[in-house]
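The values are calculated or read from the model by the stated rules, or taken from the named source; none is laboratory data. Since the model is a prediction, treat every value here as computed from it, not as a measurement. Methodologically, a virtual Cβ is constructed for each residue, glycine included, from the backbone with ideal geometry; neighbour enumeration extends over all protein chains shown.
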Amino acid sequence: MLFNSFEFLVLVLVTLALYYLPLLRRWQVPILIGSSLFFYAWTNPWLLLLFLLSAFVNVATSYQVVHAAPERRFFYAALGVVSNLGILAFFKYSPLIGHSLFPDTSEAGRFLSQIPLPIGISFYTFEGISLLVDAYRERDRHAAQELVPKSIGQHVRNTTLFVAFFPHLIAGPILKAHQFIPQIKPKYLTDIDWEAFFRAVVVGYFLKIVVADNLKEQTFWIAYPYFERQSSLMLITMLFGYSMQIFADFAGYSLIAIGVAHLFGYSLPDNFNFPYISQSITEFWRRWHISLSSFLREYLYIPLGGNRKGETRTYLNLMVVMFLGGLWHGAAWSYAVWGSFHGIALAVERLSGQANRVPRTVLGRVAATLFTFGLVSLAWLLFRLPNFEQALSYLYHMGSNRSFAISGLEYLTIACILIYSLPVVLYHVWYLAQESAVGFGLQRLSYAWYGLMLFLTLTNAGPAGSFIYFQF
Amino acid sequence: MRLIVRSLLIAGLLLGGYSLLLHQLPAALVIPQGINQDNQIKMQQYVYGRPEAYSAVIVGSSLAAKLRSYALPAHTYNLAFRGQSVFEGFEILRRTGQVPKLILVEVDVLDRASDASTAATLFHPIMHPLRQALPALREQNQPLNQLFGLGFRVLERLKPAAAGRIREKVGGAALPSATAAAAEAPEAPTTAQDAALALKMEQGMRQNFAQLPDTAMFRQNVQALRTYIDYFSQRGSRVAFFEMPISAVACQSNKLNYMRQQLLTMFPRQRFTYLPQPDCQAYTTTDGMHLSDASALRYSHELNRQLTLLHSLSYAQ
């Protein structure tokens, strides 16, 4: 069920009406769980079985981590984490293993290639791992009782809501157990932060419907083999457009999720913090998909030793984390290459001391921002063209199709890309200018901007499409 | 709360002002921003226009979408869409309650499945009634399209030749002299990149047409076609099948021969009309499938001739 569909609107309104009925207040959590499961089962009800199995594994093992005999706790934590990773590996990576290790004609190869990818699996398995690790870390403290209460019924309700809560179920933000579970308590209509809801939802839908969906029409021609006939100028512009599209699509989704969660009294963490103003790849990862990068840092990089075990180990840890972070996105080697590319960039920045250095001059800062944006955009190509050969061919044609003679309709494509990218550029510029007098003036007129965004969402929507991150 | 009220007020004022402005603006050439928008505009122009004014409707894929409307008989509407099948056109007819006298069905890609999301988007329970009431919400009236329309009008004054090429490219009515010239003109030369891409696409297409279609899917499609045809025939529509010219090799391919044969079994010539097969060698495609602009115009004229003949024959009967 898409956030921009009629069914979603009906689901939210019906759930909201039942959720805040005083008579049903004690059933708030089951109501949310019921709606979330309905939301998940909408396109393929069979996938619900796997989701429930995953939830059951997390409920059972996390309960044992806190309430079993102390000597058994590590076993249950490890069992839970391995089960989550096993589910993820089997359903997400079987086709990749099938293609990589078996001939296409073999029975095993064919079987592995046909295993379907359940939507949202990368997100809910990571959340399960977060619950297990948080519970294990806090096992002897009071906080563990808050995460995993003694009452099994309450634990089932809390855990199921934590992984299933529909605004974040399919594409995040990835929640950590210690962020979400303590928020589960009775909610009141008067507590809703309507302005926070409105701001997040208006910007989110605008980014998705006006910016990302319209850019998708233009970046369609990045597809193989169509890109081969485009001029260098077109290829560069389309890559720029795709960079803007992927931000608008994912940040839009995250903002809608955050806004809808506000309606039910829950606060989800920010997932983006104006990533394209980053002056280094290190800074980029503090601003892009924050819930994933902080998850990887907290549950992978630091447990691996982080930067506490010497220089060589730090670089190795960085590479391992980024390689796996890349593979998390998709079951293709190109995603691993994408992650490794970022890993190498992080390592180089660390080695050269550029990771946290801010250029002194304005020109230097602008150059660093543009350079970082260029590197990030180049790497996005692997998202649009997961076939590695095709991505390389795109880069080759970007350099070799040097004709700048473009026809009338190609001007149109370029104009569309630049026009629809403008809101993303202004969004970032506004962030940079908000401390200045101009920024202050713009903020005072914020209602006019929200009004304009609403107007454009109604009148200038692109063709409705699913979110890019749904495939992960 | 004040922010929400003020923002909604501003949005309402902008929408009202824009609706008034649209009334004042002269009609401009609609230049679609992309494939999906092109489809949506064609669908919405039919649904929110005067669908009852069209006595003949074409349903088909991107192949028939290339037909030039201005070269077809008057009162003919082209409900063939890029990247879609014949079923989307049929579904739009059914949902609007229209029963045209003649429905022309393109047969070249009958193995393509229907896309339910197309009709769902068009007849969205909230947006459809809103679009009906407020033209400002229709695809062709997007602020950016209006801006492009204004830009095109300026271009027409400054560089009429360039504007004419764009008009021809987007399928808008060309000037009579230009139409005739384009119909006779040789195919435009392509760049080296265009030629390489066309070759690659054509090779892929030949491989595809050398194989039989997925029989289960094709059978399902033919059943769906039967349902639609029965529905419209019972209400008085006449159904005619036609082929768009494609590359000469594909024209005689296993796939197309199989589909022709299956179609004849299901819809025999005695009861259904089949327009003569085009001479594929007489037309040029850009990728083995889609006609070049000049060939599209030429075949539109040919189709016009066939339909006029069909019309006079039906009167003779």
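All conditions but one from (1) surrounded by fewer than 17 Cβ atoms within 10 Å (Cβ to Cβ); (2) touching a Ser or Thr at 6+ places or on another chain (Cβ under 8 Å); (3) without any contact (Cβ under 8 Å) to a residue 60 or more places away in the chain apply to A:Arg402; the one that does not is (3).
Go through segment B:129-145 and report how many residues are more than 10 Å from chain A (Cβ to nearest Cβ) and within 22 Å of the chain's Cα centre (by Cα). Counting residues in segment B:129-145 that are more than 10 Å from chain A (Cβ to nearest Cβ) and within 22 Å of the chain's Cα centre (by Cα) gives 4. Within segment A:249-258, one or more residues are among the acidic types (Asp, Glu), farther than 20 Å from A:Ser130 by Cα and crowded, with 22+ Cβ neighbours inside 10 Å. For A:Asn214, the conditions (1) within 14 Å of another protein chain (Cβ to nearest Cβ); (2) within 16 Å of A:Ser254 (Cα to Cα) all hold with the exception of (2).
Are any of the residues in segment A:408-418 of a type in the set (D, E, K, R) and in contact (Cβ under 8 Å) with a residue 12 or more places away in the chain? Scanning segment A:408-418 turns up at least one residue that is of a type in the set (D, E, K, R) and in contact (Cβ under 8 Å) with a residue 12 or more places away in the chain.
Can A:Gly241 be described as modelled with pLDDT of 95 or more and surrounded by 24 or more Cβ atoms within 10 Å (Cβ to Cβ)? For A:Gly241, the condition - modelled with pLDDT of 95 or more and surrounded by 24 or more Cβ atoms within 10 Å (Cβ to Cβ) - is met. The condition (being more than 30 Å from B:Thr191 (Cα to Cα) and acidic (Asp, Glu)) is satisfied by just one residue among A:Glu389, A:Glu435: A:Glu435. When the test is whether a residue is without any contact (Cβ under 8 Å) to a residue 12 or more places away in the chain and out of contact with any Asp or Glu (no Cβ under 9 Å at 6 or more places or on another chain), A:Ala347 does not pass it. When residues in segment B:277-316 are screened for being in contact with a helix residue (DSSP H, G or I) (Cβ under 7 Å, 6 or more places away or on another chain) and part of a loop (DSSP other than H, G, I, E, B), 8 of them pass. Restricting attention to segment A:360-406, the residues being touching a helix residue (DSSP H, G or I) at 6+ places or on another chain (Cβ under 8 Å) and not in a helix (DSSP H, G or I) number 8.
Residue check: B:Glu52 meets all listed conditions (1) surrounded by fewer than 18 Cβ atoms within 10 Å (Cβ to Cβ); (2) modelled with pLDDT of 95 or more but one, namely (2). From the list A:Ala78, A:Ala143, A:Ala108, the lone residue that is surrounded by 14 or more Cβ atoms within 10 Å (Cβ to Cβ), hydrophobic (A, V, I, L, M, F, W, C), more than 25 Å from A:Ala41 (Cβ to Cβ) and at pLDDT below 90 is A:Ala143.
Note on segment B:15-46: among residues that are more than 22 Å from B:Gly89 (Cα to Cα) and hydroxyl-bearing (Ser, Thr, Tyr), the one that is nearest to the other protein chains (Cβ to nearest Cβ) is B:Tyr18. Which residues, counting only those in segment B:267-317, are among the small types (Gly, Ala, Ser) and in contact (Cβ under 8 Å) with a residue 24 or more places away in the chain? B:Ala282, B:Gly288, B:Ser292, B:Ala294, B:Ser295, B:Ala296, B:Ser300, B:Ser314, listed by residue number. Yes or no: A:Leu207 away from every other protein chain (no Cβ under 11 Å), surrounded by fewer than 19 Cβ atoms within 10 Å (Cβ to Cβ) and either part of a loop (DSSP other than H, G, I, E, B) or touching a residue at least 60 places away in the same chain (Cβ under 8 Å) (or both)? No, not satisfied. For the structure I just gave you, tell me whether B:Ser85 is more than 14 Å from chain A (Cβ to nearest Cβ) and of a type outside the set (A, V, I, L, M, F, W, C). Yes. Residue count for segment A:81-105 under the criterion of being of a type in the set (S, T, N, Q) and surrounded by 18 or more Cβ atoms within 10 Å (Cβ to Cβ): the result is 3.
In segment A:419-441, the residues that are within 14 Å of chain B (Cβ to nearest Cβ) reach residues that are in a helix (DSSP H, G or I) and β-branched (Val, Ile, Thr) with C-beta atoms within less than 7 angstrom, at least six apart or across chains, in these pairs: A:Tyr420/A:Val211; A:Pro423/A:Val211. Can you work out which of the residues in segment A:2-47 that are within 27 Å of A:Ile468 (Cα to Cα), buried (at least 17 other Cβ atoms within 10 Å of the Cβ) and aliphatic (A, V, I, L, M) is nearest to the other protein chains (Cβ to nearest Cβ)? Of everything passing the filter in segment A:2-47, A:Leu2 is nearest to the other protein chains (Cβ to nearest Cβ).
Being in contact (Cβ under 8 Å) with a residue 40 or more places away in the chain, β-branched (Val, Ile, Thr) and closer than 22 Å to B:Arg2 by Cα is a condition met by no residue of segment A:459-469.
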